[in-house]
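Only one structure is covered here, and it is reproduced in the block below.
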Amino acid sequence: MEKIRKLTQDENGIYAEIYFPLFDTYIMTEAENGISTQYVEYCAESLQQLSDQTIHDICKYALDFCRDTMSYTPDGNYPEQLKPIHDPQEILPFFEPTALTIDEPQNLDIPALNLYCHCVWDQDNDMQILILGGEVVYVGVFDGLNAWQDNLGEWGNYVTGYRL
């Protein structure tokens, strides 16, 4: 199986499909103009080799986001199967990463992953997951933030315990 396919580059940036083994799917990837294909490949490797701890953290924070969102909405708007989740990894079938943006690197030795995900509990806003150097730094409503944390302080973040 190809780890990266359909890699193209034009005056606007780099585009590819990167295989995400956690979800057994390819996701659309975009990197701004000026980012090297080597850095894109480095970030792809990072996505494909997420540690067990990183996966656990993604699931834990996504479940926190789900529970908070569900607490503010009438029960009828959410699938019943979300209510009995106790193990954070049980949340995986309820969200789907569809795009990866690779933000302009501040350090070429650190992979920065910016994932856009559809989620069943907040279909109006969806979910954003930011991973910097293998550490989850943001999970919450998709707000166009970047993994380098330039603007994370402006928004609620389930990773830091601040609830929206």
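The values are calculated or read from the model by the stated rules, or taken from the named source; none is laboratory data. Please read all numbers here as calculations on a predicted model, not as lab measurements. All Cβ positions, glycine included, derive from the backbone under ideal geometry; neighbour counts span all protein chains shown.
Structure notes:
- Condition check for Glu104: surrounded by fewer than 17 Cβ atoms within 10 Å (Cβ to Cβ), among the acidic types (Asp, Glu) and touching a strand residue (DSSP E or B) at 6+ places or on another chain (Cβ under 7 Å): yes
- Matching residues in the range 37-60 - criterion: being in a loop (DSSP other than H, G, I, E, B) and touching a residue at least 40 places away in the same chain (Cβ under 8 Å): Leu50, Ser51
- Sole residue being over 17 Å from Leu130 (Cα atoms) and in contact (Cβ under 8 Å) with a residue 24 or more places away in the chain, chosen from Ala16, Ala99: Ala16
- Meets criteria (within 19 Å of Cys43 (Cα to Cα) and either modelled with pLDDT of 95 or more or surrounded by 15 or more Cβ atoms within 10 Å (Cβ to Cβ) (or both)) for Ala147: yes
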